[in-house]
Amino acid sequence: MMTQTAQAPKLADDKFRTIRDLIYEKSGMYFGDGKKYLMESRLARRLVARGLKTYDEYYYFLKYDPKRAEEINRLFDEITINETSFFRNPPQLEAFGKKILPGIVADKEKSGARNLRIWSAGCSSGEEPYTLGIYILEALKFSLPKWKVEIHASDLSKEILQKAKNGVYGDNALRNTAPSYQSRYFVQVNGMYAIRDEVKKLVRFQQINLTDKVKMRSMRGMDVIFCRNVLIYFDMESKKQVIAHFYDNLNPGGYLFIGHSESLHGVSKAFKLVHFPKAMVYQKA
Ligand SMILES: C[S@@+](CC[C@H](N)C(=O)[O-])C[C@H]1O[C@@H](n2cnc3c(N)ncnc32)[C@H](O)[C@@H]1O
């Protein structure tokens, strides 16, 4: 039996470059020449799914077909890397939950502005924003009803956002989750774990492409932004633009978390680097 991708033609270097430049223009993700083989099978799946014969046809489909917007979303679903888990990188989350969050809550208690706005940008299947929700429930406890809590969670891929909204996970997603949190914040259904409503209702999901300037401008007034392990495929120019938006999106003194192996070196000098045990966080000065 022929596999789907076996029916697709070989991807020539020049065709790869035209399509990857289009992907870059639409998403900020830049796939260098070394990523051609990684991309080939993914592009081939889309070519075959659309019943097209050549990569030129596929390129013109993406550029001009009336269904191009739908196809670009399908292509994003195919090429994005969605690896994530609950409580990913515990030192960063401890810094958030045990230091930063209590500080913000105490300041806001004093000023009487009991609202929290947190954004998980590039949230994948939802484990990150739900983890933040768990920390917020732990921090606010019985005073929760006095607070307006908004966790905004966004991603480029519609398919992954649907999974996030469903909020049902296998063992692997919970591999870093303490048993006490598993029993408190999840319900077991047919060997899967469903996040409880008390966490779910704190999170609002929406599709946001981080290169979409209009949508980026609509996300003002954030206390904390998480954008971890997302900008790894962006080139320097796109990173600079996204980070400049995050700066504007944060309240004064707000915090930005990026992946623990990522840095803003050469990207932005606007933030102050704050050190926590085994974690570094950027703060809007
Ligand atoms: C590796 S996951 C990271 C998930 C989570 N932040 C974490 O660290 O566990 C990267 C996510 O970034 C999303 N992404 C990539 N490019 C994006 C863009 N231009 N706009 C919004 N999200 C994007 C992908 O769809 C993917 O779900």
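Just so you know, all these numbers are worked out from the coordinates, no wet-lab data involved. This is a predicted model, so every value here is computed, not measured. All Cβ positions, even for glycine, are placed from backbone atoms using ideal geometry, and neighbour counts span all protein chains on display.
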Original post:
With the chain treated as a Gaussian network of Cα nodes joined by springs under 10 Å, which of 149, 224, 203 yields the largest mean-square fluctuation?
Top reply: 149
Subject >> Cβ-defined net charge surrounding residue 138, 11 Å radius [Lys, Arg +1; Asp, Glu -1] >> reply: +3
Subject >> Relative packing of 248-256, 45-53, which averages over residues the other C-beta atoms within 10 Å, highest first >> reply: 248-256, 45-53
Subject >> Nearest-ten-degree value, helix 236-249 long axis tilted from longest Cα axis of the chain >> reply: 30 degrees
Subject >> Taking 227, 123 and counting other C-beta atoms within 10 Å, the order from fewest to most >> reply: 227, 123
**OP:** Tell me what the chain gives for mean residue ellipticity at 222 nm when only DSSP H runs of n ≥ 4 count, each as -39,500 (n - 2.57), the sum divided by the residue total, rounded to 500 deg cm²/dmol.
**Re:** -12500 deg cm²/dmol
Subject >> Where labels lie 7 Å past Cα in the beta-carbon direction, separation of residue 71 and residue 207 in nm >> reply: 1.6 nm
Original post:
Modelled label-to-label distance, residue 148 and residue 187, 7 Å Cα→beta-carbon offset: nm?
Top reply: 2.9 nm
Original post:
Residue by residue through segment 98-111, which ³J(HN,Hα) values in whole Hz follow from phi under the Karplus form 6.51 cos²θ - 1.76 cosθ + 1.60 (θ = phi - 60°), with glycine and proline marked x?
Top reply: 9, 10, 5, 4, x, x, 5, 4, 5, 4, 6, 4, 5, 7
Original post:
Per 10 Å bin from zero, what fraction in whole % of the C-alpha pairs of segment 5-79 is there, up to the bin with the longest pair?
Top reply: 20, 62, 18, 0
Subject >> Spatially proximal lysines relative to residue 269 (Cα-Cα < 23 Å; intrachain offsets below 8 disregarded) >> reply: 213, 239, 240, 278, 284
Subject >> Cβ-based charge dipole, segment 161-285, positive-most Cα from 243, 277, 176 >> reply: 243
**OP:** Neighbouring Cβ atoms within 10 Å as the yardstick, rank 124, 41, 238 fewest first.
**Re:** 41, 238, 124
Subject >> Cα-centre dipole for the chain with unit charges at Cβ (Lys and Arg positive, Asp and Glu negative), debye to 20 >> reply: 660 debye
Original post:
Where does each of 87, 226 land when they are ranked from fewest to most other beta-carbon atoms within 10 angstrom?
Top reply: 87, 226
Original post:
For the Cα atoms of the chain, what angle does the longest principal axis make with the long axis of helix 55-64, in degrees from 0 to 90, nearest 10?
Top reply: 60 degrees
Subject >> segment 95-165: Cα Rg divided by the 2.2 N^0.38 Å rule of thumb >> reply: 1.19
Subject >> Options 102, 52, 259, ranked by Cα towards positive dipole end of the chain, top entry (Cβ charges) >> reply: 102
**OP:** Kindly provide the Kirkwood hydrodynamic radius of the chain in Å, to one decimal, from all pairs of distinct alpha carbon atoms.
**Re:** 20.3 Å
Original post:
Just how far, in whole angstrom, is segment 268-285 from segment 207-245 if you go by their alpha carbon centroids?
Top reply: 17 Å
Original post:
From the phi of every residue in segment 122-127, what ³J(HN,Hα) in whole Hz does the Karplus formula 6.51 cos²θ - 1.76 cosθ + 1.60 yield, where θ is phi - 60° and glycine or proline is x?
Top reply: x, 7, 6, 7, x, 4
Subject >> Debye log10 I(q)/I(0) at q = 0.23 Å⁻¹ for segment 150-196, Cα point scatterers >> reply: -0.91
Subject >> Under the Karplus curve 6.51 cos²θ - 1.76 cosθ + 1.60, θ = phi - 60°, whole-Hz ³J(HN,Hα) for segment 33-43, x wherever Gly or Pro sits >> reply: 4, x, 9, 4, 5, 4, 7, 4, 5, 5, 5
